[in-house]
1. Could you run through the stretch 68-91 and say how many residues are in contact (Cβ under 8 Å) with a residue 60 or more places away in the chain and either surrounded by fewer than 20 Cβ atoms within 10 Å (Cβ to Cβ) or of a type in the set (S, T, N, Q) (or both)?
2. Quick check, is S233 part of a loop (DSSP other than H, G, I, E, B) and under 18 Å from R42 (Cβ atoms)?
3. Does any residue of the stretch 165-186 turn out to be under 19 Å from R210 (Cβ atoms), under 15 Å from the mean Cα position of the chain (by Cα) and not in a helix (DSSP H, G or I)?
4. When you scan the stretch 168-185, how many residues do you find that are surrounded by 17 or more Cβ atoms within 10 Å (Cβ to Cβ) and out of contact with any Ser or Thr (no Cβ under 7 Å at 6 or more places or on another chain)?
5. Are there any pairs, at least 6 apart or on different chains, whose C-beta atoms fall under 6 Å, with the first in the stretch 210-221 and of a type in the set (S, T, Y) and the second assigned to a helix (DSSP H, G or I) and crowded, with 20+ Cβ neighbours inside 10 Å, and if so, which?
6. Could you check the stretch 122-136 and list, in sequence order, the residues that are within 12 Å of the chain's Cα centre (by Cα) and either surrounded by 20 or more Cβ atoms within 10 Å (Cβ to Cβ) or aromatic (F, W, Y) (or both)?
7. Out of curiosity, is A119 surrounded by 24 or more Cβ atoms within 10 Å (Cβ to Cβ), at pLDDT below 90 and either among the hydroxyl-bearing types (S, T, Y) or assigned to a helix (DSSP H, G or I) (or both)?
8. Would the stretch 39-51 turn up any residue that is in a strand (DSSP E or B), surrounded by 16 or more Cβ atoms within 10 Å (Cβ to Cβ) and at pLDDT below 95?
Amino acid sequence: MSRREIYIPEGHDNGEVLSLPQKAMHHFVRLLLEVVIRLYFRLEVHGRENIPRRGPFIISPIHRSYLDTPVIGAAIWRLMRYMGAEKMWTNRQLGWFLTAMGGFPVQRGAADREALKAALAVVERGEPLVMFPEGTRQSGPVVSEMFDGPAYVSCRTGVPIIPVGLGGTERAMPKGKKYILPVKMVVVIGEPISPPPKKESGRVSRNGVREMTVTLGERIQDLFDEAQLRAGSPNQH
């Protein structure tokens, strides 16, 4: 699929600042989403005080369901940016709406460096970014193998990673299922993880990135366990 066939509002291919109409749409939909999710899933949010009031950060949640993204959006009041498959921007109206919701397109199948370049651009513009460190949706009570993407972006930019545990989302909409059950959901937002200092040369340490990824995985596991317990479906390791 050629780039010309994709509708991307000018300047938004790497997550530029949204227009005022898009911001207004985002806040309206986000408020509506929070009301619906709170009522349907009896949503609880713990740790909101760990979200910075201004400036960029990286949200790194557990990933167990298609519902994870809207639940994160309902739980956190900041306007955050999300990577999306480029094909979702083929329709002009849908592309405008997805961008207003914080999305920006990344070409699926492209080199990881292109996706990381887009993530770096968003964070360096001062906007919060959501990055699922497990990559795609996983299943089960144990955090799967972690990718270094969030830690790399954090170490390059100096912004913190905020780990998040989500309880009940997999039970509400398991992988491979299309139905949505009205089960209780809980979001537990952890304390920010600061990146290690850069080397004198300004380069990012590979060991520092790897160590940060390991720490992130441990924090996410603890938060996931707490969220599942609060949601009434405790993890069985």
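1. Total satisfying the criteria: 5.
2. Answer is yes for this residue.
3. no
4. Within the stretch 168-185, residues that are surrounded by 17 or more Cβ atoms within 10 Å (Cβ to Cβ) and out of contact with any Ser or Thr (no Cβ under 7 Å at 6 or more places or on another chain) number 1.
5. These pairs meet every condition: T213/A151.
6. Filtering the stretch 122-136 down to residues within 12 Å of the chain's Cα centre (by Cα) leaves 128-136.
Across the stretch 122-136, the qualifying residues are P128, L129, V130, M131, F132, P133.
7. Yes.
8. Restricting attention to the stretch 39-51, the residues satisfying the condition of being in a strand (DSSP E or B) are 44-46.
Restricting the remaining residues to those that are surrounded by 16 or more Cβ atoms within 10 Å (Cβ to Cβ) gives 44-46.
Right, trim to at pLDDT below 95 and you get none.
Taking every residue of the stretch 39-51 in turn, none turns out to be in a strand (DSSP E or B), surrounded by 16 or more Cβ atoms within 10 Å (Cβ to Cβ) and at pLDDT below 95.
The values are calculated or read from the model by the stated rules, or taken from the named source; none is laboratory data. Quantities reported herein were computed from a predicted structural model and do not represent experimental measurements. Because the Cβ atoms are built from the backbone with ideal geometry, glycine has one as well, and the counts that use them run over all protein chains shown.
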